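J.: The structure follows.
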Number of protein chains: 2
Amino acid sequence: MDLAILGAGAVGRAVAALAGEYGHRVTALADSSSASIDRNGLDVDAALARKRNSGAVGEDVPESVLEAEYDTLVEATPTTLGDAEPGYSHVVDALERDRHVVLANKGPVAERYDDVMAAAADSEGDVRFEATVGGAIPAIATLEGLGPEHVSAARGVLNGTANFILTRMATEGLAYEHVLAEAQDLGVAEADPSFDVDGTDAALKGVILANVLHDGGFTLADARIEGIEDFPVNALDVAAEDGNTIRLIGEVASGRVRVGPRLVPDNDALAVSGTMNIVQYDTEHAGRMNISGRGAGGEETASAVLADVDRLGC
Amino acid sequence: MDLAILGAGAVGRAVAALAGEYGHRVTALADSSSASIDRNGLDVDAALARKRNSGAVGEDVPESVLEAEYDTLVEATPTTLGDAEPGYSHVVDALERDRHVVLANKGPVAERYDDVMAAAADSEGDVRFEATVGGAIPAIATLEGLGPEHVSAARGVLNGTANFILTRMATEGLAYEHVLAEAQDLGVAEADPSFDVDGTDAALKGVILANVLHDGGFTLADARIEGIEDFPVNALDVAAEDGNTIRLIGEVASGRVRVGPRLVPDNDALAVSGTMNIVQYDTEHAGRMNISGRGAGGEETASAVLADVDRLGC
């Protein structure tokens with residue numbers, strides 16, 4: 001397939017770099033200020049080298065990507081809240097041209113799921129968004145396979161940065177601020193980690209799962225959110241005395257989305273360590289199902305994007 | 001879709017009972033000695049009541065199911081080794097009629113995978129076999145989604161009976177024979193548990209995973225198998241001293257299939273408890289992925305069969 005990629009952050013760059021190995025061709029690639037377009041297939045290595053050297057992937061304007069020749073638009077621009085722009089308009093533009101869309105950007109399917117699905121219903125193109133929940137983990141494909149109507153609840157550890165911080169606090173007995181600084185040094189936490197530690201990122205993923213489970217109707221405004229900022233290390237010590245630990249759990253159950261620190265037994269499936277993510281489904285006929293793996297990373301998330309590309313048309 | 005179900009054990013009966021809820025119709029159902037056929041859709045409740053009361057689902061001969069009207073044959077007769085008959089002939093018969101086949105029977109895809117795939121290549125029908133590995137766990141669909149060419153190894157706890165026995169031995173300090181008797185009382189182990197405890201069942205699942213990973217070429221004869229019969233409880237005690245435990249692990253790596261008791265850290269993803277199963281994939285671009293859930297049970301395995309039915313045609 002021919003891919004047009006909007007966004008040249010870690011995920012967009014990794015999709016571009018891996019596309020050939022997955023049997024696809026990149027005909028357009030844009031960062032926030034420029035684009036490189038070639039209907040016969042880009043020289044991806046050259047475009048990424050330009051990005052490293054000059055900060056720009058090419059000399060076209062980013063918007064020109066939407067008018068390029070492609071089968072599938074990969075929307076990997078940064079997640080935005082509220083109207084989810086400009087990602088939302090990119091998605092609708094591609095669908096109106098009867099092209100497929102694969103999202104790594106959480107905004108459109110968290111904040112405007114119903115609008116996106118309405119646009120997809122009027123299009124020959126499909127929309128997929130595996131990479132928006134749990135990074136490499138096939139959370140959405142598994143839920144589709146189980147059949148959302150046979151799943152009563154979804155929950156999980158949906159943010160690796162918060163999980164890394166809680167894990168280190170518990171194992172080392174160190175205070176929140178200290179571990180956050182360490183995580184920033186290691187590149188596990190961003191300079192501004194707000195969305196990771198205040199629960200917003202996990203809530204966006206919970207909202208997306210809720211939309212798949214309930215066929216739409218949820219936005220971030222529907223989520224009850226509590227984060228781990230300044231979480232007291234002694235609460236972890238107290239939990240440990242009884243063989244428990246604390247995890248930031250996002251949960252969709254009884255038609256509600258909630259995110260907050262929860263007590264979890266040490267040997268529970270949800271007690272994953274470090275930057276690992278896990279998604280758990282309660283099913284009607286098959287009990288509880290767990291999927292765990294790497295929840296972030298450019299190449300990991302790109303592999304979920306490219307798995308989605310392979311699922312298009314099914 | 002119209003389903004013809006061969007086999008009325010726990011899995012076949014559960015597929016028949018749940019088919020309507022999944023939007024399908026059962027037009028034929030056979031046990032080992034009889035069949036019930038209705039091209040307008042069976043009264044499944046009545047057929048299962050006859051089975052409970054008289055031991056026979058109906059008054060037709062089992063073979064008549066193959067000539068019935070159906071879209072998908074569900075092959076849920078008992079797994080047999082070697083020539084995998086009669087399951088293998090059922091599969092080929094349905095494919096020659098250009099019908100789809102969904103297997104719960106491990107034999108044909110463990111012992112004659114290449115022959116089955118050759119028959120599928122000549123047919124308008126597809127073959128799927130999610131239920132043969134890990135019960136409810138979507139092990140095959142996940143592997144297909146990752147792309148077998150991007151997965152370097154697969155391993156897991158693939159037999160719930162053996163895992164239940166090892167878990168109870170470790171937590172209670174009881175001897176193998178004692179725990180096996182307990183498992184038989186609870187219905188977790190069969191009267192003849194040979195294939196569960198000698199590693200054969202786990203090896204069949206490992207062989208099936210190897211066939212998907214390597215596009216065929218494996219049979220049970222290619223597996224190196226060690227079971228847990230008379231496994232010494234003191235080996236579990238020694239492991240526990242260092243924070244480890246023992247699990248019967250099936251592994252496909254470097255083109256080989258091996259099953260045997262392995263040392264696993266207590267907090268490792270592979271250290272699932274009781275009758276749980278887990279499948280783990282090492283991927284090229286997304287690290288390690290784990291899927292765990294119920295590895296057996298009629299309804300659980302039926303849900304995997306019905307998920308396969310929904311995947312047909314993709």
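The values are calculated or read from the model by the stated rules, or taken from the named source; none is laboratory data. Keep in mind it's a predicted model, so treat the numbers as computed, not measured. Reconstructed Cβ throughout: ideal geometry from the backbone, glycine too, with neighbour counts over all protein chains shown. In case anyone asks, the SASA skips ligands and DNA or RNA and just uses the protein heavy atoms, side chains included. Shrake-Rupley method; radii C 1.70, N 1.55, O 1.52, S 1.80 Å.
J.: What does the protein assembly as shown give for Rg and for Dmax, in Å, if only its C-alpha atoms count?
T.: 25.3, 80
J.: What is the spin-label model distance, in nm, from residue A:63 to residue A:268 if the labels are put 7 Å beyond Cα along the C-beta direction?
T.: 5.0
J.: Follow-up. Would you please give the residues with an amide H less than 5 Å from that of residue A:244, counting only those at least 5 places away or on a separate chain, with H modeled from the backbone geometry?
T.: The answer is A:266.
J.: Residues with amide H under 5 Å of residue A:74's amide H, sequence separation 5 or more or different chain, H placed in the peptide plane at 1.01 Å from N; which?
T.: Placed amide hydrogens put A:4, A:5, A:6, A:102 under 5 Å from residue A:74.
J.: Give me a single rounded figure for B:266-276: the average over its residues of other chain Cβ atoms within 10 Å of their Cβ.
T.: The per-residue average across the peptide is 2.
J.: Additional query: Please find, in a Gaussian network model of chain A (springs between Cα atoms separated by less than 10 Å), the residue of A:260, A:82, A:206 whose mean-square fluctuation is greatest.
T.: Of A:260, A:82, A:206, the Gaussian network model singles out A:82 as fluctuating most.
J.: With both bridge residues required to lie in the protein assembly as shown, what share of the DSSP beta bridges run antiparallel, to the nearest 5%? Working shown, then result.
T.: Working: 65 of 101 bridges.
That works out to approximately 65 percent antiparallel.
J.: Once neighbouring chains are kept in place and the probe is 1.4 Å, which whole percent of the accessible area of region A:22-124 is contributed by carbon and sulfur? Please report the intermediate quantities before stating the final value.
T.: On the way: 1940 of 4660 Å².
The value for region A:22-124 is 42 percent carbon and sulfur by accessible area.
J.: Measuring from centroid to centroid over Cα atoms, what is the spacing of region B:127-145 and region B:283-314 in Å?
T.: Cα centres, region B:127-145 to region B:283-314: 4 Å.
J.: Taking residue B:51 as the anchor, which aspartates and glutamates have their alpha carbon closer than 15 Å to its alpha carbon, excluding any fewer than eight residues away along the same chain?
T.: Those aspartates and glutamates meeting the cut-off are B:31, B:43, B:59, B:60.
J.: Using the Cα centre of region B:140-294 as the reference point, and only Cβ charges (+1 on K/R, -1 on D/E), how large is the resulting charge dipole? Debye, rounded to the nearest 20.
T.: Dipole about the Cα centre, nearest 20: 440 debye.
J.: If I compute solvent accessible area with a 1.4 Å probe over the protein chains, what percent of it on region B:140-294 is carbon and sulfur?
T.: Working: 2840 of 6160 Å².
For region B:140-294, the apolar C and S fraction of the accessible surface comes to 46 percent.
J.: Next question. GNM, chain A, Cα, under 10 Å: largest mean-square fluctuation among A:269, A:49, A:14?
T.: Per the Cα network of chain A with a 10 Å cutoff, A:49 tops the list.
J.: Which distance in nm do the two modelled labels at residue B:221 and residue A:81 give, with both placed 7 Å along the Cα-to-Cβ direction?
T.: Once both label points are built, they end up 6.4 nm from each other.
J.: For residue B:226, what accessible area in Å² do you get when you roll a 1.4 Å probe over the heavy atoms of the protein chains, rounding to the nearest 10?
T.: Roughly 110 Å² of residue B:226 is accessible to a 1.4 Å probe.
J.: What are the DSSP H helices in chain B that stretch 18 Å or more along their long axis, judged by alpha-carbon atoms, and whose average Kyte-Doolittle hydropathy comes to at least 0.5? Provide the component values of the computation, followed by the final result.
T.: Details: long enough: B:200-214 (20 Å, 0.97); B:298-311 (20 Å, -0.20).
For chain B, where a helix must reach 18 Å along its axis and average at least 0.5, the hits are B:200-214.
J.: On to the next question. If you average the sequence gap of Cα pairs under 8 Å that are 6 or more apart and divide by the length of region A:172-314, what percent do you get for the contact order?
T.: Relative contact order comes out at 17 percent.
J.: Taking amide H atoms as placed 1.01 Å from N in the peptide plane, list the residues 5 or more away in sequence, or in a different chain, whose amide H sits under 5 Å from that of residue A:34.
T.: Sorted by chain and number, the residues that satisfy this are A:57.
J.: In Å², and per residue, what accessible area does chain B have when probed at 1.4 Å with the other protein chains present?
T.: Details: 12170 Å² over 314 residues.
Using a 1.4 Å probe on heavy atoms only, each residue of chain B averages 39 Å².
J.: Still on this structure: Could you work out which residue, out of B:60, B:192, B:237, moves most in a Gaussian network model of chain B, that is, has the largest mean-square fluctuation with Cα springs under 10 Å?
T.: Per the Cα network of chain B with a 10 Å cutoff, B:192 tops the list.
J.: For region B:1-119, build the charge dipole from Cβ charges (+1 Lys, Arg; -1 Asp, Glu) around the Cα centre, then report which of B:27, B:68, B:54 sits farthest towards its positive end.
T.: Value: B:54.
J.: Follow-up. Report the B-A buried area as the accessible area lost on both sides summed, probe 1.4 Å, in Å² to the nearest 100.
T.: 2200
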